[in-house]
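Some notes on the structure that comes next.
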Amino acid sequence: MNGKIGVMRSLGQAVGIVVKAIRTPVQRDTVVEVSRATQSQQHDQVTLRRTVVDEIIWKEQSHAGAGSSDSHASQTA
């Protein structure tokens, strides 16, 4: 058998990856916004704005043993 992978096998692998991604539940971090402070300065036609957001983020316990990532969708409570 030669080292080439056929088109049908590649297609099957791609479909398998997509099906697994659809079936895997999304693990989200819980994010609670504690405070938000905004400072603005106007210089001619330029506005400088600084926003500081303090948040508490904690990860949910996973029983399935799925891997987690550092990215999260921001949720406010």
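Please treat every number below as a calculation from the coordinates, not as lab data. Treat the numbers as computed from the prediction; the structure is a model and nothing was measured. Please note: Cβ atoms are built from the backbone with ideal geometry, for glycine as well, and neighbour counts cover all protein chains shown.
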Cβ-Cβ FRET estimate between ILE22 and THR51, R0 fixed at 25 Å, reported to 0.05: 0.10
Counting only other residues whose beta carbon sits under 14 Å from that of VAL15, what net charge do I get with K and R as +1, D and E as -1? +3
Non-local residues with an amide H under 5 Å from the amide H of ASP29, with H modelled 1.01 Å from N and Pro and chain starts lacking one, are ALA73
Local charge sum around SER35 (other residues, Cβ-Cβ under 12 Å, Lys/Arg +1, Asp/Glu -1)? -2
